[in-house]
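Bear in mind that the values in this text are calculations on the coordinates, not laboratory data. Note that the coordinates shown come from a computational prediction; the quantities given were computed from them, not determined experimentally.
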Amino acid sequence: MMKGKGSDFFWPSFTDLMTSLFFIMLVLYILTYLKLTNQQRATELQLREIKRIQDAVRALPEEYFMYDPTNQRYKLNLNVNFASNSADIHDIDKQTLNDLFGAGNSIFSLLENLSNTNKNVSYLLIIEGNTQRSYNNYIRMPDVGYKLSYERSLALVNYWQENGLDFKKIENCELMIVGSGYFGRSRETVEEENRKFTIQITPKIGEIKLG
């Protein structure tokens, strides 16, 4: 029985097609494997960088800072006693102002060193003010607490800047001035101690370039 020319042509073509599909799948597999490998390496580098930053932040002097393990952030370990309903930082005694400068200088030096070490990492510095509750003011006038605590944080940043600590000059640092009023997460059980500032330094790691 004679085979048609169409039948003779079909099998080589089918074999060529399957071979081509095999090589396409092989190339896709290799590309996917390489992509996943690079992503894993990038993630490992990011985690390593985050740990390095955390270790650096932990080195902040205990003279000025205390760690809040519940909320995983730092507070100024200073009794910053503003006058009642005032955000005038010059109401604070001279020794405390000197300590506030020392604390700011520690943060400034830390961020400058971190920024110079790795240009691929940006930092978010949050200065959060708190306000003491008295009677039921946090129920009757919550906005007053937000405004006052923000103005106190702003007064602290302005005080640092007036004394040469301008965080805007650090290329990779973004500064946020906030006030949590009567409702911050890092509040103390003794209300008189809720005049402290809370400091947060958060890394923002961008694209990791692999060699």
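Miscellaneous remarks
- Anisotropy class of the stretch 117-158 from Cα gyration tensor, a/c 1.5 cut: prolate
- Partners for LYS147 among aspartates and glutamates (Cα-Cα distance below 17 Å; same-chain residues under 8 apart left out): ASP88, GLU128
- Translational diffusion coefficient (Stokes-Einstein; Kirkwood radius from C-alpha pairs) of the stretch 85-211 at 10 °C, 1.306 mPa s, in µm²/s: 100
- Long pairs among LYS75/LYS119; LYS51/LYS119; LYS94/LYS169; LYS119/LYS168, criterion Cα-Cα beyond 24 Å: LYS75/LYS119; LYS94/LYS169
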